[in-house]
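Handing you a structure now.
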Amino acid sequence: MKLSFSIATIMLAATFQGMAQTDLSTQDAYLMVYHKDPDHGLHMAVSKDGYTWSALNDDKPVIAGDTIAEQHGIRDPHIFRGPDGSFYLSMTDLHVFGQRDGYRDTEWERDGKKYGWGNNRGLVLMKSEDLINWKRTNIDFSKLPQQPDMDWSEVGCVWAPETVYDDETGKLMLHFTTRQGVDKNIIYYAYVNDDYNELISTPQLLAEAPERAYNIIDSDIIKVGDTYHLFYVSHENGATPKHATSQKLTGPYTFDDNYSDGERQGHEAPNCWKRHDSDTYVVMFDNYRRSPMNFGFVETTDFINYKPIGYFDEPNSPMKRTNFSEQKHGAVINITTEELRRLEQFWNN
């Protein structure tokens, strides 16, 4: 079922000469995307070993939020490499300081009492074959047809989108945080076409708190073997990432009450990625309560036992940054050395 709504698609103007065909057989480097509150743009950092990271473009935005978003700012970027080798980038279309920066006259796009903190209506979707040139689509969820369980014209937010591939359907799936008005936040999903510019299914519920007693946000899904692992943030007793599993991407999920990353402060935005040279998986999270804010990391090989390895630049942590700080809501994928070289050559020149 195709849904009808307004979209705009453009090609960014960046060009890269002399690009060779990428060999995907060895993805032995890493790419991180994140945003920063001062500029609400897309940032990228790269690493050769998954421990020491350097921002591209000297930590200036690689794409300015005011050039791609209806609210003139993006948040919560996520990047995914599809089975076709293409890169799929999804972002929240939201500027939380739009009034401060002169983009609107009010604190929020709409009435905060009616639609809540950080209310927005849309997402930014982008697709690339080479991580340099991108096609962009803006999706306004308030224009979706009304459903029995969701009046999209009254959507309170569309946050933290992520893309994952559904082996069963052979389709890309987008999952995201949403709510109606000021109701509790829940997780929805919808399938996306191969061009990554149109929803091809009606959005459906993926996860919610029992009886919607509290908010859940920031879903992250990774498939390991035959199991889908869902990390999300529960606001049951403050903001805390949790874990659930399913044999089917769309659930139902079995919730893991034993998961703990050892962090006592409120934190959010979990993202799970694999170290290329081992069976170790990293769960990275955003501790927005730290001053300055920072990313924390835990490692696991079995998704039962998790070992904290600290925060960026802590004395006893192996995780290091060379030229950036106060990054927010990150996501990591494996890339090849050739793709790493291409990004560094383009942005650092």
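Count, please, the residues in segment 307-349 that happen to be of a type outside the set (V, I, T) and assigned to a loop (DSSP other than H, G, I, E, B).
14
Among A55, A29, A69, which is the only one that is under 28 Å from I221 (Cβ atoms), among the aliphatic types (A, V, I, L, M), at pLDDT 95 or above and in contact with a Ser or Thr (Cβ under 6 Å, 6 or more places away or on another chain)?
A29
If you check S278, S291, which single one turns out to be outside any strand (DSSP E or B), among the hydroxyl-bearing types (S, T, Y) and more than 25 Å from P38 (Cβ to Cβ)?
S278
Name the residues in segment 64-86 that are in a strand (DSSP E or B) and more than 30 Å from E314 (Cα to Cα), would you?
R81
In segment 294-306, which residues are closer than 21 Å to A244 by Cα, out of contact with any Pro (no Cβ under 7 Å at 6 or more places or on another chain) and not in a loop (DSSP other than H, G, I, E, B)?
Answer for segment 294-306, where residues must be closer than 21 Å to A244 by Cα, out of contact with any Pro (no Cβ under 7 Å at 6 or more places or on another chain) and not in a loop (DSSP other than H, G, I, E, B): G296, F297, E299, T300.
Just checking, which of I335, I309 is among the hydrophobic types (A, V, I, L, M, F, W, C), farther than 13 Å from S54 by Cβ and in contact (Cβ under 8 Å) with a residue 40 or more places away in the chain?
After ruling out the rest, the residue left standing is I335.
Read through the list (1) buried (at least 21 other Cβ atoms within 10 Å of the Cβ); (2) closer than 21 Å to E198 by Cβ; (3) touching a Ser or Thr at 6+ places or on another chain (Cβ under 8 Å), then give the number of the only condition that G156 fails.
Only one criterion is unmet by G156, namely (2).
Results for (1) outside any loop (DSSP other than H, G, I, E, B); (2) farther than 16 Å from L230 by Cα; (3) charged (D, E, K, R), shown as yes or no for each residue.
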{"residue": "R136", "(1), (2), (3)": "yes, yes, yes"}
{"residue": "S153", "(1), (2), (3)": "yes, yes, no"}
{"residue": "E162", "(1), (2), (3)": "yes, no, yes"}
{"residue": "Y165", "(1), (2), (3)": "yes, no, no"}
{"residue": "E168", "(1), (2), (3)": "no, yes, yes"}
{"residue": "Y196", "(1), (2), (3)": "no, yes, no"}
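State the number of residues belonging to segment 165-215 that are surrounded by fewer than 21 Cβ atoms within 10 Å (Cβ to Cβ), touching a residue at least 60 places away in the same chain (Cβ under 8 Å) and over 23 Å from S153 (Cα atoms).
Qualifying residue count for the region: 6.
Given the residues D93, D39, D84, which is the only one that is among the acidic types (D, E), under 19 Å from Q327 (Cβ atoms) and touching a residue at least 12 places away in the same chain (Cβ under 8 Å)?
Just a single option satisfies the conditions, and that option is D39.
Turning to a different aspect of this structure: Mind listing whichever residues of segment 319-342 are under 20 Å from the mean Cα position of the chain (by Cα) and of a type in the set (S, T, Y)?
Within segment 319-342, just S325 meets the criteria.
What is the number of the single condition among (1) modelled with pLDDT of 60 or more; (2) part of a strand (DSSP E or B); (3) farther than 16 Å from L340 by Cα that I10 does not meet?
(1)
Of everything in segment 43-63 that's of a type in the set (S, T, Y), in contact (Cβ under 8 Å) with a residue 24 or more places away in the chain and in a strand (DSSP E or B), which residue is nearest to F312 (Cα to Cα)?
T52
Ok, one more. For M293, only one of the following conditions fails: (1) farther than 22 Å from P83 by Cα; (2) surrounded by 16 or more Cβ atoms within 10 Å (Cβ to Cβ); (3) at pLDDT 95 or above. What is its number?
Failing condition for M293: (3).
Considering each of D261, D256, D277 in turn, give the residue that is surrounded by 18 or more Cβ atoms within 10 Å (Cβ to Cβ), of a type in the set (D, E), modelled with pLDDT under 95 and over 20 Å from H78 (Cα atoms).
Criteria check complete, one pass: D261.
Sort through L131, L89, L125 and tell me the only one that's closer than 29 Å to D194 by Cβ and not in a strand (DSSP E or B).
After applying the criteria, what remains is L131.
The values are calculated or read from the model by the stated rules, or taken from the named source; none is laboratory data. Since the model is a prediction, treat every value here as computed from it, not as a measurement. Neighbour counts run over all protein chains shown; Cβ positions are idealised from the backbone, glycine included.
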